[in-house]
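Reading through the structure tokens given below for one structure.
The values are calculated or read from the model by the stated rules, or taken from the named source; none is laboratory data. Treat the numbers as computed from the prediction; the structure is a model and nothing was measured. Here the Cβ is made from the backbone with ideal geometry for all residues, glycine too, and neighbour counts use every protein chain on show. The protein model used for the area step is the full one, side chains on, heavy atoms only, and it has no ligands, DNA or RNA in it. Shrake-Rupley method; radii C 1.70, N 1.55, O 1.52, S 1.80 Å.
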Amino acid sequence: MMKKKGKLLVLEGGVGAGKTTQEGLLKARLSGWEFFREPGGTPFGEKIRDAVQGRHGYKVDRYAALFAYSAARANLIRGEIIPTLEKGVNVILDRYWYSTWAYQGAEGVSKPVIWLVSMLATRRVKPDLVLFYDLAPEIGMTRKGKSKDADRYDLKEKKFHQKVRENYLQLGRLYRGIWRTIDASKPMKEVLEDSLKVLREFDLLK
């Protein structure tokens, strides 16, 4: 596990939870932080993102998704995020390997395999804080259904999204020291205030 000088904040959430919206609001408060997204974050990663979760109509095997996302992740973490953290620059990351645990886990991929591959891809870089925006799947699906950027995972059935949520809640129990769950059913401004409160608790915001 690498020793990092900068702080790493990860944002996670299921379908329609408003995670990306909150990231945009947090950017205005976190001066000097670098921002990256998963899957993607590099030209290579963005191509993988589109290939795996784009609505192209072809089948993507669940293990193929695991390895593809992990390849994109390795390229981003090893090539961009680790050098940034080693310089002492703070990073906010829209999704991390926890998304693979939640989504590919919901598809039936072995969780021990997900963990092992993820640790290899990331050099076991551990966030200082994970904010998980929690929302009932039926509410999130209704929200996302009105969006033009819904991907193939967003369009899966309610049962799948329930499994995704269960997997995220499991991660919250496994990583309780760094994991905080935010109620994403609240109005946007209240969700932001709850997020900022946790950032102050972890000394990530003055």
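General observations
- Tensor-based shape of region 15-83 (alpha-carbon gyration tensor, a/c under 1.5 rounded, otherwise prolate or oblate): oblate
- A cut-off under 10 angstrom between Cβ atoms defines the neighbours of TYR103, and their net charge, with Lys, Arg +1 and Asp, Glu -1, is +3.
- Mean shadow area of region 30-126, taken as a quarter of the surface of its Cα convex hull (nm²): 6.4
- Most mobile listed residue (ALA28, ALA65, ALA74) in the chain, GNM with C-alpha springs under 10 Å: ALA28
- Applying both filters, DSSP loop and at most 16 other Cβ atoms within 10 Å, to the trypsin sites (Lys or Arg not before Pro) of region 151-192 gives ARG152, ARG176.
- Simple point charges give the picture: +1 on the Cβ of Lys and Arg, -1 on the Cβ of Asp and Glu, and for the chain a dipole about the Cα centre of about 240 debye.
- Helical runs assigned H by DSSP (4 residues or longer) give the chain a calculated mean residue ellipticity at 222 nm of -15000 deg cm²/dmol, each run adding -39500 (n - 2.57) before division by the residue total.
- Cα-based Rg and Dmax for region 4-53, where Dmax is the largest Cα-Cα distance (Å): 12.7, 34
- Distant-in-sequence amide contacts of GLY16, defined by a placed amide H-H separation under 5 Å and a gap of 5 or more residues or a different chain, comprise nothing.
- Formal net charge of residues neighbouring ALA28 (Cβ-Cβ distance under 14 Å; K, R +1; D, E -1): +1
- Accessible surface for region 15-95, divided over its residues, is 48 Å² per residue with a 1.4 Å probe.
- At most 11 other Cβ within 10 Å, DSSP loop - chymotrypsin sites (Phe, Trp or Tyr not before Pro), region 126-206: none
- Compactness relative to 2.2 N^0.38 Å, alpha carbon Rg of the chain: 0.96
- Spatial separation of Cα centroids for region 51-103 and region 111-146, in angstrom: 10
- Residues with amide H under 5 Å from that of LYS7, placed H, sequence gap 5 or more: ASN90, VAL91
- The calculated Kirkwood hydrodynamic radius for region 113-206 is 15.3 Å, given to one decimal from all distinct C-alpha pairs.
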